[in-house]
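To start, the structure under review is shown below, and the notes come after it.
The values are calculated or read from the model by the stated rules, or taken from the named source; none is laboratory data. Everything quoted here is computed from the prediction, not taken from an experiment. For neighbour counting, all protein chains shown are included, and Cβ atoms are generated from backbone atoms with ideal geometry for every residue, glycine included. These area figures cover heavy atoms from the full protein model, side chains too; ligands, DNA and RNA do not enter into them. Shrake-Rupley method; radii C 1.70, N 1.55, O 1.52, S 1.80 Å.
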Amino acid sequence: MQVKILGSAAGGGFPQWNCACSNCARLRAGTLRSRARSQTQLAISSTSNQWYLLGASPDLPTQLAAAPDLCPSAESPKSPIAGVILTSADVDSVMGLLHLREFETFTIFSTPSVRRILQDENSLFRVLERARPPVAWRDLIPHQRITLDASNPSSPSASIQIIPIATHGSYPDYVSPELRSTLSADEASLALRIEANGNAFFFAPALAVNAASHAALNDARASDVALLDGTFWTDDELQSTHRSNKTAREIGHLPLSGRDGLLAHFDSSKKCRKILIHINNTNPILDEDSAEHRAVREAGWEIAYDGMTIDL
Ligand SMILES: [Zn+2]
């Protein structure tokens, strides 16, 4: 299985258009040893000619343009994108669907609740129904394994299997109270365990502070590669950089540092390759000369960047 990291930043990207935090200001000035990052977006494939997107970021057009494998060509004029797997209804995870509206048929995988948010309450997404046949929706039910590439009987071992894991995050602010009251709590946000060729890859761009997310970390530790929530270094990062009055925990992200931070959960893990993704522009680990960057690397973690690829 190939995994392409097309985008590695949290919502807003790095630098963020309206942010003058130390990281964003220094990156613009060319005085920060780091690199710009677009909003988190992954693509996976076991066949090289059929790709599935994990999420649909607002930066999708430029991310696809930077990845020729994901574009049609003169020899193969049909788009190689077979489907989009949504882990939540967050704007940063679904806005890219609107960029895929050009009368193309593909499959969207989501929980039934996320589908209702997009289909019932946000009529803009009906542009996806103009394709002939229209985009197909397929349910992701927590803990129910599904198989992608099922149409590829010549290579069944290359099929990608996905096990959705509920992480009990929150539904986005934009969902109306009326709809929200009818949605299932375990369908708001998912982590994904993705298996192919006997290898397991774990993807959780948002890990809230709750029992479900803690349980998901057990699955992450048991995987060959884990791509996990690297949004914030400290709980008060948005307050100390004057971006928001809320803490990391209040907006559904376990910070990296601290006694109960994400890094502390992996002290004894030797097997798993650990990579941080969904990194907010305020996070000091983006500064490659910072003590926080060094601490993450010395703890055995990698920091995702746009264009990074993983073969497993
Ligand atoms: Zn910033």
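Please label the shape of the stretch 196-312 as rounded, prolate or oblate, based on the square roots a ≥ b ≥ c of the eigenvalues of the alpha-carbon gyration tensor (a/c under 1.5 means rounded; beyond that, a/b larger than b/c means prolate, else oblate). Here the stretch 196-312 falls in the prolate category. Could you tell me whether the stretch 1-136 comes out rounded, prolate or oblate from its Cα gyration tensor? Rule is a ≥ b ≥ c as square roots of the eigenvalues, rounded for a/c under 1.5, then prolate if a/b exceeds b/c, otherwise oblate. Here the stretch 1-136 falls in the oblate category. Of all stretches in the chain that contain no GluC sites (Glu not before Pro) in a DSSP loop with at most 11 other Cβ atoms within 10 Å, the longest one is 103-312.
Roughly how many Å is it from the Cα centre of the stretch 32-49 to that of the stretch 253-312, as a whole number? So the two Cα centres are separated by 16 Å.
Solvent exposure of the chain, expressed per residue, is 43 Å² of accessible area, with all protein chains present and a 1.4 angstrom probe.
By average Cβ neighbour count within 10 Å, what is the ranking of 196-208, 165-177 from highest down?
196-208, 165-177
Given R0 = 30 Å, the distance between the Cβ atoms of ALA74 and LEU124 translates into a calculated FRET efficiency of 0.35.
Among beta bridges identified by DSSP and lying wholly in the chain, the antiparallel ones come to about 50 percent. The accessible surface of the chain, taken with every protein chain in place and a 1.4 Å probe, is 50 percent carbon and sulfur. Rounded to the nearest whole Hz, the Karplus-based 3J(HN,Hα) values (6.51 cos²θ - 1.76 cosθ + 1.60, θ = phi - 60°) of the stretch 179-193 follow the sequence 5, 4, 5, 9, 8, 7, 4, 8, 10, 6, 8, 10, 9, 10, 9, with x at glycine and proline.
What shape does the chain have by the C-alpha gyration tensor, where a ≥ b ≥ c are the square roots of the eigenvalues, rounded means a/c under 1.5, and otherwise prolate means a/b greater than b/c and oblate the rest? Rounded is the answer for the chain, as its axis ratio a/c remains below 1.5.
When the C-alpha to C-alpha distance is required to be over 29 Å, the pairs from LYS4/LYS270; LYS4/LYS78; LYS246/LYS274; LYS4/LYS246 that qualify are LYS4/LYS246. In straight-distance terms, cross-link reach from LYS271 covers every one of the aspartates and glutamates whose alpha-carbon lies under 12 Å from its own, apart from those fewer than eight places away in the same chain; here that gives ASP224. Report the antiparallel proportion of the DSSP beta bridges in the stretch 175-312 as a percent, rounded to a multiple of 5. So the antiparallel bridges amount to about 30 percent of the total. Let's test the formula: R0 of 41 Å, r as the Cβ-Cβ distance of ARG33 and GLN2. What FRET efficiency results, to the nearest 0.05? The computed FRET efficiency comes out at 0.90.
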